[in-house]
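Take a look at the structure set out below.
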Amino acid sequence: MKFTLKDYQTDAVRDVLSNLSKARKYWHNETDKSSFSLTAVTGAGKTVMAAAVFEALFHGNDDFEFDADPGAVVIWFSDDPSLNEQTRFRIMEASDRLAHTALIPVENTFNQAKFDAKKIYFLNTQKLGKNSLLVRGFDQEQIEIKAGARLLEMRPDQHSFTIWDTIQNTIEDPDLTLYLLLDEAHRGMGTPANAEKSTIVQRLINGTNGVPGIPVVLGISATVKRFNDAMELAEKRISLPNVVVDSSKVQESGLIKD
């Protein structure tokens, strides 16, 4: 890390990594999905903490006694592409172990069978909307089962794989672990005004049209109650201990005044 973590940040990162270690074991040993949240007041350094988590997840960290997950793949998801871009640059500013080539904005031209290990893919609701090139053809695809093989029609616009194919193939690869990080996790969680956004997030969490739900879900926000409530209603998942950053400790650190 380029920055020295505050004490409360170190505690939060350690707790998040402990949960991720358990989540990985649950998935690969029992195929159990899991979820938890990180609550941190605005100004607490959420992105710095995330960068420290990702460094340890990809490369290990002796101070945290955390072994790297060589098959770790992260989807960073929000409802705002500009927020994603800000976060990507802040992670690059904070980390000296995460190369810019490991922080990938998913554009409409993206076309891979699976996500690559040790990379963070930035997605937003617009990219998964019904008119996006990344998903075009998914809901209408024709699937045949012949001799145990799944035959898919070629997608339009020269896309051999929709983004949902990529997600499914990544989840089903026993050598990979797919982690979903929901930024500002209170947004789009069941609000009537954001019906489409809510549907997209729920599809990622619970699965859709044969695509399984993402194994490990972490929601980050200053107000994660709506996310936690939604997780209780989601498909069967192990609820790991939520990580709560004490706002008084943030205030004592001098990062925020109120």
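The values are calculated or read from the model by the stated rules, or taken from the named source; none is laboratory data. Every value quoted in this text rests on a predicted model; they were computed, and no experiment measured them. Please note: Cβ atoms are built from the backbone with ideal geometry, for glycine as well, and neighbour counts cover all protein chains shown. These accessible areas exclude ligands, DNA and RNA; they are computed on the full protein's heavy atoms, side chains included. Shrake-Rupley method; radii C 1.70, N 1.55, O 1.52, S 1.80 Å.
Taking residues in region 98-116 that are closer than 20 Å to ASN169 by Cβ, and partners anywhere that are in a loop (DSSP other than H, G, I, E, B) and open to solvent by 60 Å² or more (accessible area, probe 1.4 Å), the pairs with Cβ atoms closer than 6 Å and at least 6 places apart or on different chains are ASN111/PHE161; ALA113/PHE161.
For region 216-230, taking the residues that are open to solvent by 20 Å² or more (accessible area, probe 1.4 Å) and under 22 Å from VAL53 (Cα atoms), the one that is modelled with the highest pLDDT is identified as ALA222. When the residues of region 203-258 are filtered to those that are part of a helix (DSSP H, G or I) and of a type in the set (Gly, Ala, Ser), the one that is nearest to THR162 (Cα to Cα) is ALA230. Considering region 82-154, the qualifying strands (runs of 3 or more DSSP E), each wholly inside and each with 2 or more residues that are of a type in the set (D, E, K, R), at pLDDT below 95 and open to solvent by 40 Å² or more (accessible area, probe 1.4 Å), run over 143-146. Considering only residues of region 10-45 that are assigned to a loop (DSSP other than H, G, I, E, B) and among the aliphatic types (A, V, I, L, M), which is most open to solvent (accessible area, probe 1.4 Å)? Selected residue: VAL41.
For region 213-258, the set of residues classified as hydroxyl-bearing (Ser, Thr, Tyr) and over 27 Å from ASP32 (Cα atoms) consists of SER247, SER248, SER253, listed by residue number. If the condition is being farther than 20 Å from PRO105 by Cα, out of contact with any helix residue (DSSP H, G or I) (no Cβ under 8 Å at 6 or more places or on another chain) and in a helix (DSSP H, G or I), then region 46-81 contributes only HIS59.
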